[in-house]
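Have a look at the structure below, then the notes.
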Amino acid sequence: MTNVSLVFSPVLPLNSFGNVLMFLFSVFLAAAIIFLNVSVSVSILLSSALRGENRFMYMLSTCLSDICTGVSYYYVGVLDVRDSFRSPTGTFHIVPTFLGLSFMAILAAQADRYHAVASPFKYGQRMTRNRTLVVIVCYWLYAFCIVAATNLVQAGVALQIVSIGSFAGNIVTVGIMIGLNVRLFIIATFHMGREPPSEERDSKRSSVRLILVVAGFFLGAWLPLFCYMIACYLISAPCYTFKNDGTDPLRILPRVNAALTPILYLRGSSALRATLFSQVWRCWKRR
């Protein structure tokens, strides 16, 4: 009974003004992540025009993983739990996987936009909507296959797998994302400037700028945690551990980014804003 009461208590005792503010911030952050990502997801699902574009399918994938991140943050961020392999209150590495899925979705969206801009004719032939959905389903399945594999082995072995995989994966994926950002910026700045003015060029340019901004904010939120994890791995020494994810500033940043990403999507897409205001929020107001 004591263990249960400890699990369902706030991570910080509500005996000071600072602790109360931290508790309210965590609750508000989780609610904001869920509300904003649900709004964007419903907007995409309600619009057949948006569902027909590959970039919005990647947005939907990002929002779905971030909704799960917001819901799970009530547990790993607000309550007094530790989400690790050896912890009895852990989530079997499921909660970090939702953050990883958001990372993979943005990386895949960057690769998709690069392909669309660099080879527009081949892109139209290769990346149909069904193939895009297959790509999305594949990285979701891959992520949870890794979760299943790590949970089938001993905690020590699982920790080694995750540590080595995170170390190598972070370096590779961050390198790829930065490289794609540079290439997309060059294309958006020079190559598209040579194309004659047209509606297609403006749409292509806005989609490239949107994914560049989203990826830039994503890297800004994730790089401090990546650098910290890489440094801990290289020095082979135990790093400072916070009470839980809700008290660790390096792990709060990716959650803040999960709330910021749908705002960037809405800011960068007039079609998405129009659907949200005309269909989703208007229907909620009527109810």
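Read the figures in this text as sums done on the coordinates, not as results from a lab. Not measured: the values here are computed from a predicted model. Cβ sites come from the backbone with ideal geometry, for glycine too, and all protein chains shown count toward neighbours.
Hull volume per residue, based on the alpha-carbon atoms of segment 73-128 and their convex hull, is 94 Å³. Can you tell me the orientation of helix 129-151 relative to the chain, as the angle in degrees between its alpha-carbon axis and the longest Cα principal axis, to the nearest 10? Helix 129-151 sits roughly 20 degrees off the main axis of the chain. Each peptide in 221-228, 123-130 gets a packing score, the mean of other Cβ atoms within 10 Å over its residues, and the list from highest to lowest is 221-228, 123-130. Projected label points at THR247 and PHE35, each 7 Å from Cα along the beta carbon direction, are separated by 2.8 nanometres. Here the label points at ALA118 and GLN279, each 7 Å from Cα along the C-beta direction, are separated by 3.3 nm in the simple model. Applying 1/(1 + (r/R0)^6) with r as the Cβ-Cβ distance of CYS227 and ILE146 and R0 = 25 angstrom yields a FRET efficiency of 0.65. A DSSP coil position with no more than 15 other Cβ atoms inside 10 Å describes the following trypsin sites (Lys or Arg not before Pro) in segment 1-89: ARG86. Using C-alpha pairs under 8 Å with a sequence gap of at least 6, the mean separation divided by the residue count of segment 2-286 gives a relative contact order of 27 percent.
For the pair ARG126 and VAL71, a Förster radius of 45 Å applied to the C-beta separation gives a FRET efficiency near 0.80, rounded to the nearest 0.05. The long axis of helix 155-186 is offset from the longest Cα principal axis of the chain by roughly 30 degrees.
Pairing the Cα long axis of helix 54-73 with the longest principal axis of the chain, what angle in degrees results, from 0 to 90 and rounded to the nearest 10? Roughly 10 degrees, rounded to the nearest 10. Quote the Stokes-Einstein diffusion coefficient, in whole µm² s⁻¹, for the chain, based on the Kirkwood radius over alpha carbon pairs, a temperature of 10 °C and a viscosity of 1.306 mPa s. Rounded to a whole number, D works out at 78 µm²/s. Among 41-48, 146-153, 254-261, 30-37, the peptide with the highest mean count of other Cβ atoms within 10 Å heads the list, and the full ranking is 254-261, 30-37, 41-48, 146-153.
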